[in-house]
Ligand SMILES: *Cc1c(COP(=O)(O)O)cnc(C)c1O
Ligand code: SF4
């Protein structure tokens, strides 16, 4: 892959996460210096700039960790950082403190400790398997992991967060898909940021997952120079919906150090999301959200479609600008 002298120098000096791209991704590049797919993977000199507001652990995940690798921020959901390794490293990664460093795959004893914790914490209904990319584990490692959690809690809804179907679709083998299919209910959450990522091989990997009854949803990150344009976002949403993938979240970038060049001012970001809402269906519309810096959780961001309220009459406005009124029901006793 062609790299400029400046980029080579930057990479030689060492970047975190390391520079790593898959052959599949390389094959999708269009050769332009400003290719949105290239921008997601090639280190940029701006990464060396850290702003005072940026954090090493932007979501304060370490404060919500009852056990190593376990993040329990919401009562009914918990997240396991399965590994720090990925097939390809995204320059915008918000877990860049762990992605691609020595943070290896979860051990058997760590897995068993979390399984025991899950048994006691029946308020947890959903478990997210995240990282890094859990699909960098072998099928055997992965099966041990999921089996341990499944045995501890047969009712648990699992969410596997992986970029592998998109960055290395050949990892989605029939054997892997069959194993995952036995662990339902299990949702697969992928990350696609631009419609060009949905190549024929990627679409095939996704349908293989879907053929086992595994729902596939998508989380995108709003990124300057990648998808900060309403046409690009519209194409992405339409391509996802056509492939049976529900656009779930569109994230405003977290304050991970060295990612400032990817972030949009919120005013601009929300205006963009408004335009998208004007154009596409509810099915094609992701929830635009940001994680509170330092921890606390996700905040859905939206312009208000409520213009006002008076005497139980709500003044509303559709994304297309049509106004109307919606009354509250009569108060009890008045009927
Ligand atoms: C995002 C996140 C979840 C899942 O939140 P949803 O809004 O249900 O997608 C769960 N735990 C942690 C720690 C998270 O960051
Ligand atoms: S795949 Fe996910 S964890 Fe890995 S580098 Fe990209 S954003 Fe980070």
### Message
Looking at segment 289-302, can you tell me whether even one residue there is more than 22 Å from the chain's Cα centre (by Cα), part of a loop (DSSP other than H, G, I, E, B) and surrounded by 12 or more Cβ atoms within 10 Å (Cβ to Cβ)?
### Response
no
### Query
Is it fair to say residue 210 is within 16 Å of ligand 2 (Cβ to nearest atom), in contact with a strand residue (DSSP E or B) (Cβ under 8 Å, 6 or more places away or on another chain) and either without any contact (Cβ under 8 Å) to a residue 40 or more places away in the chain or part of a strand (DSSP E or B) (or both)?
no
### Task
Output yes when any residue across segment 276-285 is surrounded by fewer than 13 Cβ atoms within 10 Å (Cβ to Cβ) and in contact with a strand residue (DSSP E or B) (Cβ under 9 Å, 6 or more places away or on another chain), and no when none is.
yes
### Summary
Scanning segment 166-200 residue by residue, those within 16 Å of residue 242 (Cβ to Cβ) and buried (at least 17 other Cβ atoms within 10 Å of the Cβ) turn out to be 166, 190, 192, 194, 195, 196, 197, 198
### Query
Can you tell me which residues in segment 303-332 are on the phi > 0 side of the Ramachandran plot and more than 37 Å from the chain's Cα centre (by Cα)?
311, 312
### Query
Restricting the search to segment 29-82, which residues are within 15 Å of ligand 2 (Cβ to nearest atom), in a loop (DSSP other than H, G, I, E, B) and within 30 Å of residue 153 (Cβ to Cβ)?
57, 58, 59, 69, 82
### Query
Which residue pairs have Cβ atoms under 7 Å apart, sit 6 or more places apart or on different chains, and have a first residue in segment 58-80 that is farther than 16 Å from residue 293 by Cα and near ligand 1 (Cβ under 6 Å from one of its atoms) and a second that is outside any helix (DSSP H, G or I) and at pLDDT 95 or above?
77/124; 77/126; 77/128; 79/71; 79/128; 79/130
### Message
Considering only residues that are assigned to a helix (DSSP H, G or I) and without any contact (Cβ under 8 Å) to a residue 40 or more places away in the chain, which ones fall in segment 218-259?
### Response
231, 242
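The values are calculated or read from the model by the stated rules, or taken from the named source; none is laboratory data. Computed from a predicted model, the values in this text were never measured in an experiment. All Cβ positions, even for glycine, are placed from backbone atoms using ideal geometry, and neighbour counts span all protein chains on display.
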